[in-house]
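Colleague: Take this structure, written in structure tokens, and hold onto it; I'll ask about it next.
What follows draws every value from the coordinates through simple rules; no lab data is involved. Predicted model only: the values in this text are computed from it and were never measured.
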Amino acid sequence: MYRELALGQMGELIFEVTHSAVTLSEAQRAILAAVLLGSLPSVLHDDDEGIQEALRRDAEFEVNPALGLSPADLDQKIQDRRS
């Protein structure tokens, strides 16, 4: 799948890098992903580091607690996605 994407849009170099990257261990891929993501400009950067958004969401949950999930419900959703 990634071969068609890479060859169609970015060429052989991207295919080769991707092909090599998928052979890395999970830990190595995580490190590589962090390095690559860290090299990109921040497109969703908030001057207040997301505080306003967190306050807005907190106010929404105060008005309607049903919007949120309990820790048990969250755990169940995670388990459901894994199985």
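Colleague: What is the Cα coordinate range of the range 13-83 on the first, second and third principal axes, sorted by size from largest, in whole angstrom?
Modeller: 52, 38, 17
Colleague: Can I ask one more? For V22 and L55 in one chain, what is 0.36 nm times their gap in residues minus the Cα-Cα distance, to one decimal in nm?
Modeller: Result: 8.0 nm gained on full extension.
Colleague: Stretched out fully, how many nm does the piece from D80 to S42 gain, at 0.36 nm a residue minus the Cα gap?
Modeller: Values: separation 38, 0.36 × 38 = 13.68 nm, distance 3.21 nm.
Residue separation times 0.36 nm, minus the Cα-Cα distance, leaves 10.5 nm.
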